[in-house]
Amino acid sequence: MKPRELVQALRAMGLTQKQIEAKTGIPQPTVSKIGLGRVGDVMSRHYVALLTAYEQQVKEEAMHPAPAFTRRPRAND
């Protein structure tokens, strides 16, 4: 994945830019610029930090899946 895609994937998983900053050490304004594609050359340490945060988030979601949708019973059920 490209750095922009990693930021977008983390955002799609529900993380804020500040949470991404906390997980990666990348300043929030830089996270924003990467996510918008405004950084042409992402430092390798930032790429590794984003990739690591993404992998950790995937593992966390696999261990704690979102609750399944359950329908409310109707009066006739």
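Of note:
- Integer Hz, Karplus 6.51/-1.76/1.60 couplings in order for segment 28-37, x for Gly and Pro: 3, x, 6, 4, 4, 5, 5, x, 8, x
- Whichever aspartates and glutamates have a C-alpha closer than 17 Å to that of Lys33, once near sequence neighbours (fewer than 8 apart) are set aside: Glu5, Glu21, Asp41
- Among the trypsin sites (Lys or Arg not before Pro) in segment 1-45, those located in a DSSP loop and surrounded by at most 14 other Cβ atoms within 10 Å of their own Cβ are Arg38.
- Contact order, relative form, for segment 3-63: 44 percent (alpha carbon pairs under 8 Å, 6 or more residues apart, mean separation divided by residue count).
- The alpha-carbon of Lys59 sits under 16 angstrom from the alpha-carbons of these lysines, leaving out residues fewer than 8 places away in its chain: Lys23.
- Net +/- balance of residues flanking Pro3 in space, Cβ distance below 12 Å, scoring K and R +1, D and E -1: +3
- Going by neighbour counts of Cβ atoms within 10 Å, the residues Val7, Val42 line up, fewest first, as Val42, Val7.
The numbers here are math on the coordinates, done by the rules we state, and not lab data. Quick caveat: nothing in here was measured; it's all calculated off a predicted structure. Virtual Cβ from ideal backbone geometry, glycine too; neighbours counted across all protein chains shown.
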